[in-house]
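Single-structure report; data block below.
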Ligand SMILES: Nc1ncnc2c1ncn2[C@@H]1O[C@H](COP(=O)(O)OP(=O)(O)OP(=O)(O)O)[C@@H](O)[C@H]1O
Ligand SMILES: [Mg+2]
């Protein structure tokens, strides 16, 4: 499903070069739930932008669903982002004065899917991200942090993406709410979604079945999470 071969990313700002990734290789199979953990500045978001086809590596190859992403045209790239990838970011990026349902339908705006079907899909996605139906007509500024994050997850699900990428989805949440959101991700995993989740918190990483540790732009460890058990954490 995902294959990275020797990814290198060098940022250039004037005379200053920063090598954010120094040769990163791994594979992720369909249906896996992987967390990528590492300290601030280790290259996590850089990697995520490459995985999400938002940026290209300086060298190395990245295959998503059999396509080498750096060989795609701009049109093919945006098509790929629209149809194959669901993003959940730390900053929620919801429209504050639109209802929950409208926010979730947003990615379908420029499609020819009929309104009725858009709404049906949004309801389904919200159900799958465990948001209570009583909140569907709230504006997003009338929700708690955890509820907002579940709306963001639903929005990422609306295209039924092959892969869900989440960059610090619990970064702005208190501990209890973080765990609730992580349980929503575990639910999605159980339904067969492929999930790659970035965090710098070991406790959050433990929700995944596999943990890749990044440090200074290289993979330090890539291990099966022996503590993984669906629904093991309920605090
Ligand atoms: N656009 C950019 N231009 C120059 N340097 C950058 C750019 N983006 C990131 N970097 C540098 O690349 C390195 C990796 O950054 P990255 O954002 O991938 O880290 P991260 O692991 O996501 O950190 P955090 O946990 O703080 O979000 C850092 O040294 C950062 O300063
Ligand atoms: Mg980051």
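No lab work stands behind these numbers, since they all come straight from the coordinates. Small disclaimer: the values here were computed from a predicted structure and weren't measured. Positions of Cβ are generated from backbone atoms using ideal geometry, with glycine treated the same way; all protein chains shown enter the neighbour counts.
Of the peptides 201-208, 65-72, 5-12, the ranking by mean beta-carbon count within 10 Å, highest at the top, reads 201-208, 5-12, 65-72.
Tell me, what are the semi-axes, in whole angstrom and largest first, of the equivalent ellipsoid of segment 8-120 as set by the roots of 5 times the Cα gyration tensor eigenvalues?
The answer is 30, 18, 15 Å, longest axis first.
Sorted fewest first by neighbouring Cβ atoms within 10 angstrom, 111, 58 come out as 111, 58. Rounded to the nearest 10 degrees, what's the angle between the helix 115-128 long axis and the longest principal axis of the chain, both from Cα atoms, 0 to 90? It is inclined by approximately 70 degrees. Here the calculated FRET efficiency for residue 77 and residue 111, from their Cβ-Cβ distance with R0 = 25 Å, stands at 0.90, rounded to the nearest 0.05.
From Cα pairs below 8 angstrom and at least 6 apart in sequence, can you work out the relative contact order of segment 9-131, rounded to a whole percent?
The normalised contact order for segment 9-131 reaches 14 percent.
Once the Cα atoms are used to define both axes, helix 145-157 deviates from the longest principal axis of the chain by about 80 degrees. The overall shape of segment 144-235 is rounded: from the C-alpha gyration tensor, with semi-axes ordered a ≥ b ≥ c, the ratio a/c is less than 1.5.
Counting only DSSP beta bridges with both residues in segment 2-224, what percent are antiparallel, rounded to the nearest 5?
55 percent
When the chain is treated as a Gaussian network with alpha carbon springs shorter than 10 Å, the biggest mean-square fluctuation among 14, 31, 60 belongs to 14. Normalised by the number of residues in segment 79-235, the average gap of Cα pairs under 8 Å and 6 or more apart makes the relative contact order 26 percent. In terms of other Cβ atoms within 10 Å, 64, 109, 165 run from fewest to most in the order 109, 64, 165. Seen against the Cα atoms of the chain and their longest principal axis, helix 74-84 is set at about 60 degrees. Ranked by the mean number of other Cβ atoms within 10 Å per residue, highest first, peptides 134-141, 123-130 order as 123-130, 134-141.
For the chain, pairs of C-alpha atoms spaced more than 25 angstrom apart make up 41 percent of the total.
In plain terms, the chain from residue 120 to residue 15 could stretch by 32.6 nm, reckoned as 0.36 nm per residue minus the Cα-Cα distance.
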